[in-house]
Amino acid sequence: MYIRIEQIKEEGLALKFEEKAEFFPVLAEMTAQGECEFVAPIKTALKALRIGDMIEVTGEVNSRVRLPCGRCLNEYETSLKSRFDLTFAHRISGAEEIEEPQEIEISADEAGMIYFEGEAINLQDGIQEQVIMAFPIRSLCRESCKGLCAGCGSDLNEGDCGCDRQPPDGKFSALKNLKLN
């Protein structure tokens, strides 16, 4: 997943990639640990443009993944889709490093730059990051998922288990009988 700088003409460069999740180290580790299972390859469509000394890469990644529900623990499939804008800047080799730390104000654009060396940009880390950010924050098979019974562990989506789900008397239960004038 490389873009060679000399391939980027004035009108830009459009590319499409399709790779298995195992190609990306962090995604392969997530799969090996049982956090998810990719059921489709990672598809990437992007366009690279030269803007001065920088390369602006815009695109979209998508795939399908099987995840465990955060409430009932049943597995379900969902799509992952993310649009991205990445800015790459050529790292100047041989630049002297400053020995004494100085306060330098940087702009928001500079903070988001990804530096590269040589004549090619490796997109693997950037695309992997976009796929990870496309994961749902809270993995739910559906919004109405009832989850598991705290008493017996039954899946409440399949029906009532018969357990008493009244909250237990806590440390403030003595206050419920308190009468204020």
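Would you mind calculating the relative contact order of the chain from Cα pairs under 8 angstrom and at least 6 residues apart, reporting the percent as a whole number? For the chain, the relative contact order is 20 percent. In this structure, the amide hydrogen of residue 69, modeled 1.01 Å from its nitrogen in the peptide plane, lies closer than 5 angstrom to those of 74, 75, 76, counting only residues at least 5 positions away or on a different chain. Ranked by the mean number of other Cβ atoms within 10 Å of their residues, highest first, the peptides 61-67, 144-150, 171-177 come out as 61-67, 144-150, 171-177.
Length gained on full extension, residue 58 to residue 120, computed as 0.36 nm times the residue gap minus the Cα-Cα distance: 20.7 nm.
Normalised radius of gyration (Cα atoms, divided by 2.2 N^0.38 Å) for the chain: 1.58. Other residues within the sphere of radius under 9 Å centred on the Cβ of residue 43, judged by their own Cβ, net out at -2 (K and R +1, D and E -1). Under 5 Å between amide hydrogens, built in the peptide plane, is the criterion, and for residue 38 it picks out 66 among residues at least 5 positions away or on other chains.
Each Lys or Arg adds one and each Asp or Glu takes one away; over the other residues whose Cβ falls under 9 Å from the Cβ of residue 65, this sums to 0. What does the charge add up to near residue 56, with Lys and Arg as +1, Asp and Glu as -1, over the other residues with Cβ less than 10 Å from its Cβ? Overall, the nearby charge balance is +1. Rounded to whole numbers, the Karplus 3J(HN,Hα) couplings from phi for segment 79-88 are 8, 10, 8, 8, 9, 9, 9, 10, 10, 10 Hz, using 6.51 cos²θ - 1.76 cosθ + 1.60 with θ = phi - 60°, and x at Gly and Pro. Only lysine pairs 8 or more places apart, or on different chains, with alpha-carbon atoms under 29 angstrom apart are counted in the chain, and they number 16.
Computed from the coordinates by the stated procedures, all read-outs in this text should not be read as laboratory data. Quick caveat: nothing in here was measured; it's all calculated off a predicted structure. Here the Cβ is made from the backbone with ideal geometry for all residues, glycine too, and neighbour counts use every protein chain on show.
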